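**Student:** To start, I am sharing the structure in question, which I have written as C-alpha cells.
The values are calculated or read from the model by the stated rules, or taken from the named source; none is laboratory data. Nothing here was measured: the structure is a model prediction, and the numbers come from that model. Please note: Cβ atoms are built from the backbone with ideal geometry, for glycine as well, and neighbour counts cover all protein chains shown. Keep in mind that these areas ignore ligands, DNA and RNA; they rest on the heavy atoms of the full protein, side chains included. Shrake-Rupley method; radii C 1.70, N 1.55, O 1.52, S 1.80 Å.
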Amino acid sequence: MAEDAKSPAKKGSTRREFLRNSGLTVGGVVLGGALGSLLGGKEQVATHDVAPAPQLTVNPAEALQFFTPDQYRLTQAAAERIYPKDDHGPGAMELNAAIYIDHQLASPWGINSKEYMAAPFFEAEETQGSQIRILRKDLFLLGLKALDAYSQKQYDNPFIDLEPEQQDQVLTDFSDGKVPDISGVKSPLFFSLLRTLTIEGVYADPLYGGNKNMEGWAMRKYPGSRMAYVKEIQQDEFVELPPQGLNSHMGH
Amino acid sequence: MATKLPKVPVVVVGMGWAGGIVSAELTKAGIPVVGLERGKDRKTSDYLMAHDELRYQHREELMQDLSKETITHRNNEKMRALPMRDYGTFIVGDGVGGAGSHWNGQTYRFLPYDFEIKSMTDEKYGPGKLGADYPIQDWGLTYDEMEPYYDTFEKMAGISGETVESYGKRSNPYPTGPMLKTPIMKMFEEATKNLGYTPYVLPSANLSEAYENPDGISRGACQYCAFCENFGCEYGAKADPAVTVIPVAKDTGQLDLRTHSNVTEILNDGTKATGVLYIDMITGEEFEQPAEVVVVTSYVFNNVRLLLNSGLGKPYDSKSNTGVIGKNYAYQVSSASSMMFFEDQEFNLYGGAGALGIEIPEYVGDNFDHSDLKFIHGAGIRVTQYGNRPIANNVVPKGTPAWGAEFKSQSIKYSNSFFPVKSQGASMPYRYNYLDLDPTYKDAYGKPLLRMTFDYTEHDRELVKYISQKTHEIAEEIGADIIDTNDTQNDFNVNKDTNTHNTGGVIMGTDPETSAVNTYLQMWDADNVFVVGASAFPHNSSFNPTGTLGALSYRASEGIQRYLDEGGSLV
C-alpha cells in the first residue's frame, strides 16, 4: 500500500495525489475532455498548491431551513432509533441526519419537483408504486404529528419522552401498518420515507449536511469519493483509506 | 402555431447511442443531420462532481424528468394502469448521450441462437415448446450477418474483453484486453472452474487500457473509481456517445444539434413522414422540422409512444393478436441469486467499475439441454464489482430487521464482506405483455403516456427457479459463511425491480404482419422512417442490450444512406 493512502489526506495535495494515482500518462496517449483541463498549465497547479481554502471553525450547514425546533428534535429522536449510536460509533443524531432531512425537505425534492404529480390519483396495487398527492415535505410533517399522537395514545407521552424500547415499538407499529392512516396515507409509507432519509443522512456526502465529519463513512471503512482504486481493488488484504468528501474534488 | 423550418435531408430524434451512431455515420458520409435532443448537452468535464451517490443515483440526476413524462403500468389487462410517479425500477436517460451516459458498460453480443431462436427451438425441441402465447420469432438476419456491425461497434467503443469459444465466431479479438481481476472475481473463477465451467471476464466499455478508436478519439484507462452506474465518467474512460460518436459528428460540421428540443409528433400521411414537430422546452416555442428521412432513436418507450401518438404503423392488439406497434415488449429476470456473507474476510469492495465482473457461459442460450425444462434460453451467472456505495449497499443476512440497532450493527459488520453470485436471465415475449397508449394519463404537452402491460411469465419464473440452484452451487463451492439464495421471481413491481434493459415494441423481422421494421430498421409502413434501438429486439436475451443496439445502429446507418441514394424499401 502506498504511504499516501495510509496517512490522513493532506490539505492542498489532493490534486497531486490524484494525478499520481490515476496513471494519466498510460500508453502515452494524450487525454481529452476533463483530464485535458485537469492537466492544465503549470501556473494553475502552483496556484492551487499555494492557496488552500480558508478553514471554517463551525459548520454553517448546522442550521434549519425547514423544520421548527420541535419538529427537528422529534426527527432527531426518530432517526436515532433507525440508526442508533452503538459500539461501532455515532448514531443518526450525532451524524446530523436530521439536519440532512431538514435540507432535503426544503429542496425541490421536498416538493416532488421531478415526480409525475398529475391527477387522477387511484389506490394502487402493491406492484404499482405509491400514488399519493401529498408532497414529501407535507407527508413528513404529518408523519411527525402522527408519531406524537400515537405515542400519546399508547404511552401517554410524546415520542421524544418515551424510553428507547417504547420508541422502537411505536416505529415498529408504523412500519407494520398498525397505525391509523395518515391523511389517507398508510403509515409504512411515512416510515419508509423516514428510514430512507435517515440512511441517506448518515451516508450521503457531507455537503448535504449529514454524515458529520464523514464519520458515517468511517464506521464502515468507506473511503468516500476518491478518484482511483486501481491498486486497492487488486489486493487480497483490505486497504483502509481515510474518507474524502466531494470538496476534495473542487479546484480540479 | 409551429414555426416551419427549412427542409433537411435527415432529422434524428434522440441523441443517445443509436442517434449518436447514426449521426456520426451519416455526417461522415457528408449528409447533413439535424439532431433533436430533449435534454441538455454534455461533455466529460461536466462530471467532475460526479462522485455523488445521492445526486446521481438516488436523485436520478441524469434521468428523464418524470414530472414531464413517464409511463403507466399494470401487471395485466384486468388492472387499471397507474403512472410510475417516482423512479425505482428502470431509469430512463435524458440529455446528450442518453442511457449511454449513465450505463455500466457491459457490452455483449447476442448469440447466434438469439437471432434464429424460433427455428432453432423448433428444430431441437419440436414446435410448440413454449406454446402459442409466446410469440418468439427469428430476427430476419443471422449472427454472421450481424458480426461486422458488432465488430465496428466494439472498435468504436474500445470494448475490453476476452474471446469466449462457445459464443458466436469473432472476426477480430476485442480491441482491448480484459479488465483487471479482483479477489472476489478470482474466488468465482476458481469455484466455477472446480465445477467444470469456463469463466470469462465480462466484456466492458470501461476501457482496460488507453485506446484510440478508428475515428481518432483517444480515451484513458478506467481508474476503477466505482462511479459508473447512474454516473457520467469524468475520465472519459467509459464509452459514452457524448465522448465517442457525437464529437465525431460535430467535427464534420454537418451536425446541427439542438438540445432541449422535445419531439412530440412525426408528421406523416400514413405512408410517408414529412418531418417532425418539436417543442423548445426552455422557451415553449413549437417548431416544424421537415425532413426527407426521420430517424427515431429515443429510448424504447418513447420510440413506441412517438409512433403511436403519430398514427404511424398498426398498433398491436392482444385480443385479435394483430398489429405490431407495441408488440413483444420484453424485460429480463434478475432474481435468481445467492448472497454470500463472510465472517473473517473483508474485500476492497468500495472500488470497482460498471463492467467489472466475471461470468460463465454454460447457462445461456441453448448451451444446455432444455428438454425437461419449461423454459428456453437461460441466464448469465456472474460476480460483479461495481463499487459498493454506502446508501445503496446495506445488505444484511436474511432475518435481520431493516432498521434499528441490529440492522446498523450487521450492515456495518458486513459492509465489506458480502457479494452475491447473481444472474441475468432472458425474457421471452408474451402475447399479453405489450405497450400501448394510456387512456387516462397525459404528458406535460397533453399527449397520452405510454401504458405498459407487463408481468413475468411462467417461462421467466421457471428460469429463475432453475438458475437460482446453479448460483447456490457456485456459492457453496466458493464457501461463504452464510448463503441466502433467492429462487422466486415475484410479480413485476414498477418501484422495486432494478434493470433498465427494456426491449421490443417496434420489432424487426421479415414479415410486415409480425414485425414493424425490416432488418435495416426501416418501417414497413413508411419507408422514410427508421426506428433504431432496443425497441427492434423481437425478444430479450440474457445479455446486456447495448452491444446489439449499437450493432443494429450501424446497420441502420447503412440502410439510411442506401435509402437516400435509391429510395424505396431496402428489402
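**Student:** Using a 1.4 angstrom probe, figure out how much accessible area segment B:307-438 has per residue, in square angstrom, rounded to the nearest whole.
**Tutor:** 27 Å²
**Student:** Under a 1.4 Å probe, what is the accessible area of segment A:57-113 per residue, stated in Å²?
**Tutor:** 43 Å²
**Student:** Let me know the charge dipole size of segment B:3-566 about its Cα centre in debye, to the nearest 20, where only the beta-carbon of Lys, Arg (+1) and Asp, Glu (-1) is charged.
**Tutor:** The dipole magnitude comes to about 920 debye.
**Student:** Give the shape of the protein assembly as shown as rounded, prolate or oblate, defined through the alpha-carbon gyration tensor: a ≥ b ≥ c are the square roots of its eigenvalues, a/c under 1.5 means rounded, and otherwise the shape is prolate if a/b is larger than b/c and oblate if not.
**Tutor:** rounded
**Student:** Let me ask something additional. Using Cα pairs closer than 8 Å and at least 6 residues apart in sequence, work out the relative contact order for segment B:3-566, in percent.
**Tutor:** Across segment B:3-566, relative contact order equals 23 percent.
**Student:** Work from the charge dipole of the protein assembly as shown (Cβ charges, +1 for Lys and Arg, -1 for Asp and Glu, about the Cα centre) and give the residue of B:Ile184, B:Phe341, B:Val494 farthest towards its positive end.
**Tutor:** Final value for the positive-end residue is B:Val494.
**Student:** One-quarter of the Cα convex hull surface for chain B, in nm²?
**Tutor:** 24.4 nm²
**Student:** So, one more: If one takes the accessible area of chain B alone plus chain A alone and subtracts that of the pair, with a 1.4 Å probe, what total in Å², rounded to the nearest 100, results?
**Tutor:** For B against A, buried area totals roughly 6400 Å².
**Student:** With a sphere of radius 13 Å drawn around the Cβ of A:Arg136, what net charge do the other residues whose Cβ falls strictly inside it have (Lys, Arg +1; Asp, Glu -1)?
**Tutor:** Net charge around A:Arg136: 0.
**Student:** Mind running the shape call on segment A:95-241? Use the C-alpha gyration tensor, a ≥ b ≥ c as the square roots of the eigenvalues: rounded below 1.5 for a/c, prolate if a/b tops b/c, oblate otherwise.
**Tutor:** Here segment A:95-241 falls in the prolate category.
**Student:** Continuing with the same structure: With just the Cα atoms defining each centre, how far is segment B:58-100 from segment B:499-551? Give it in Å.
**Tutor:** 21 Å
**Student:** Roughly speaking, to the nearest percent, how much of segment A:62-220's 1.4 Å accessible area is carbon and sulfur?
**Tutor:** So the carbon and sulfur contribution to the accessible surface is 50 percent.
**Student:** Shifting gears a bit: Size of the dipole of segment B:137-265 about the Cα centre, Lys and Arg at +1 and Asp and Glu at -1 on the beta carbon, nothing else charged, in debye to 20?
**Tutor:** 400 debye
**Student:** Just in segment A:149-244: which GluC sites (Glu not before Pro) are loop by DSSP and have at most 14 other Cβ atoms within 10 Å?
**Tutor:** A:Glu237
**Student:** A further question follows. Please report the net charge: other residues with Cβ closer than 11 Å to the Cβ of A:Thr198, K and R +1, D and E -1.
**Tutor:** That sum, taken over residues with Cβ under 11 Å, equals +1.
**Student:** Going by the alpha-carbon gyration tensor, a ≥ b ≥ c the square roots of its eigenvalues, is segment B:174-285 rounded (a/c under 1.5) or, if a/c is not under 1.5, prolate (a/b greater than b/c) versus oblate?
**Tutor:** Verdict is prolate for segment B:174-285.
**Student:** Roll a 1.4 angstrom probe over the protein heavy atoms and tell me the percent of accessible area of chain B that is carbon or sulfur.
**Tutor:** Within chain B, the accessible surface is 46 percent carbon and sulfur.
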